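J.: Have a look at the structure that comes next, please.
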């Protein structure tokens, strides 16, 4: 199911590639367009899934993706939102270091990292905290009793991957992206993503002895437990909560908030939900985060990372997550299908685009058929390219379409977006 990037050995040496899993661990687009289930059927999107391009220089790796998974996303119970392309460019440091000063807190909203399939990894928060004025969790709450997204939104996530889209269509994971690893497992889990501080995030299985790759495999135990409290008047560090949170009851049971947990240790993972250890990708050792799940394989607090990052991270890394620009000195590589928005123009040029009457093809590859699809995946026009390199689009309504060209055997050759203006 996983298809990792294999950088051409003519570009860099094989030993260097093998030593750089932050370059080679990504799931490259191999099945074309993303799909999602609306409950009554499958929608084929006009945008590509998984990772479209990997670029790197000495300091950073840059990941281009639309933020869409390669498996069928959805349906999303009780969630009216649908996935949409995000045109991400993620930037991850290739040289992570431990933060020996004040650690950086996990963001209460937005991405804490990126999954190996280019989908955003969100944190524990659902952007709400307790509001004593309304006795409810809201976006305008006091900010100290932070609502747990898995508890409040888990029922809205899809069964295939434990992800869901937010209001702007950004598909993301809060906990346990189950499509990216095997559970149960008798082998060390793969890397499922990278935190914004540059350290890898593995699935839940690792070596019993963190320094011995020959030791037995076990599910990593997190060191967080629910506090024994009935009133939310103190925070986990013992300080007074001002204002206090709600009383523990049926409306706000224990586990509703981050602050309902405390780190007690006596576990495989430290308070950042990771450890220094050897892994298959880092036989010489690294710091690594691990997903925390219970014995049934269900998500368990703190899910991906702890309340703080282990490594050095800047405010720019967090605020600009997914919105970077690839510098001119970067080396780039693609594999499999190309992304529509940014990568296919080398193979297929459409003009004029936007178009009204006819659109013409300029193609530097062999193709025999052109197909135009709506954003829902419906075929609205097609033509034989043996006889013409133009297509009448005058009957199409205003909007965005996907034009895809195929060879004589029906195999994909190239694709691009077509805008119709009337």
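J.: If I filter the range 104-121 for residues that are outside the structural domain of residue 371 (by TED's automatic domain parsing), farther than 30 Å from residue 144 by Cβ and free of Cβ contacts under 8 Å to residues at least 24 places away in the same chain, do I get at least one hit?
T.: Residues of the range 104-121 that are outside the structural domain of residue 371 (by TED's automatic domain parsing), as a first pass: 104-121.
Remaining after also requiring farther than 30 Å from residue 144 by Cβ: 116-118.
Within this subset, residues satisfying the condition of being free of Cβ contacts under 8 Å to residues at least 24 places away in the same chain are none.
Taking every residue of the range 104-121 in turn, none turns out to be outside the structural domain of residue 371 (by TED's automatic domain parsing), farther than 30 Å from residue 144 by Cβ and free of Cβ contacts under 8 Å to residues at least 24 places away in the same chain.
J.: On to the next question. Does residue 143 satisfy the criteria of being assigned by TED's automatic domain parsing to the domain that holds residue 290 and either surrounded by 16 or more Cβ atoms within 10 Å (Cβ to Cβ) or within 19 Å of the chain's Cα centre (by Cα) (or both)?
T.: Working: assigned by TED's automatic domain parsing to the domain that holds residue 290: yes; either surrounded by 16 or more Cβ atoms within 10 Å (Cβ to Cβ) or within 19 Å of the chain's Cα centre (by Cα) (or both): no.
Considered against the rule, which asks whether it is assigned by TED's automatic domain parsing to the domain that holds residue 290 and either surrounded by 16 or more Cβ atoms within 10 Å (Cβ to Cβ) or within 19 Å of the chain's Cα centre (by Cα) (or both), residue 143 comes out as no.
J.: Something else: Of all the strands (runs of 3 or more DSSP E) wholly in the range 124-188, which have at least 3 residues that are farther than 29 Å from residue 35 by Cβ? Steps first, answer last, please.
T.: On the way: elements: 125-131, 136-138, 146-148, 163-165, 171-173.
Here the list reads 125-131, 136-138, 146-148.
J.: Count, please, the residues in the range 220-244 that happen to be out of contact with any helix residue (DSSP H, G or I) (no Cβ under 8 Å at 6 or more places or on another chain), farther than 12 Å from residue 288 by Cβ and crowded, with 22+ Cβ neighbours inside 10 Å.
T.: Residues in the range 220-244 being out of contact with any helix residue (DSSP H, G or I) (no Cβ under 8 Å at 6 or more places or on another chain), farther than 12 Å from residue 288 by Cβ and crowded, with 22+ Cβ neighbours inside 10 Å: 2 in total.
J.: For the range 296-325, name all the residues that are touching a strand residue (DSSP E or B) at 6+ places or on another chain (Cβ under 7 Å), over 15 Å from residue 103 (Cβ atoms) and in a loop (DSSP other than H, G, I, E, B).
T.: Within the range 296-325, 300, 301, 304, 321, 322, 324, 325 qualify.
J.: Among the numbered conditions (1) surrounded by fewer than 16 Cβ atoms within 10 Å (Cβ to Cβ); (2) touching a strand residue (DSSP E or B) at 6+ places or on another chain (Cβ under 6 Å), tell me where residue 269 comes up short.
T.: Going through the list (1) surrounded by fewer than 16 Cβ atoms within 10 Å (Cβ to Cβ); (2) touching a strand residue (DSSP E or B) at 6+ places or on another chain (Cβ under 6 Å), residue 269 breaks only (1).
J.: Considering only the range 362-371, I want to know if a residue exists there that is crowded, with 17+ Cβ neighbours inside 10 Å, in a loop (DSSP other than H, G, I, E, B) and at pLDDT below 80.
T.: yes
J.: Out of all the residues in the range 253-283, which are over 14 Å from residue 308 (Cβ atoms) and either within 23 Å of the chain's Cα centre (by Cα) or free of Cβ contacts under 8 Å to residues at least 12 places away in the same chain (or both)?
T.: Residues satisfying the conditions are 253, 275, 279, 280, 281, 282.
J.: Only one residue in 212, 249, 197 is part of a loop (DSSP other than H, G, I, E, B), modelled with pLDDT of 95 or more and in contact with a helix residue (DSSP H, G or I) (Cβ under 9 Å, 6 or more places away or on another chain), so which one is that? Break it down stepwise before answering.
T.: On the way: 212 fails: in contact with a helix residue (DSSP H, G or I) (Cβ under 9 Å, 6 or more places away or on another chain); 249 fails: in contact with a helix residue (DSSP H, G or I) (Cβ under 9 Å, 6 or more places away or on another chain).
None of the other options fit; the residue is 197.
J.: Looking only at the range 129-151, which residues are at pLDDT 95 or above and closer than 27 Å to residue 90 by Cβ?
T.: Selection gives 146, 147, 148, 149, 150.
J.: Related question: Under the condition of being farther than 11 Å from residue 35 by Cα and buried (at least 22 other Cβ atoms within 10 Å of the Cβ), which residue from the range 62-76 is farthest from the chain's Cα centre (by Cα)?
T.: 76
The values are calculated or read from the model by the stated rules, or taken from the named source; none is laboratory data. This is a predicted model, so every value here is computed, not measured. All Cβ positions, even for glycine, are placed from backbone atoms using ideal geometry, and neighbour counts span all protein chains on display.
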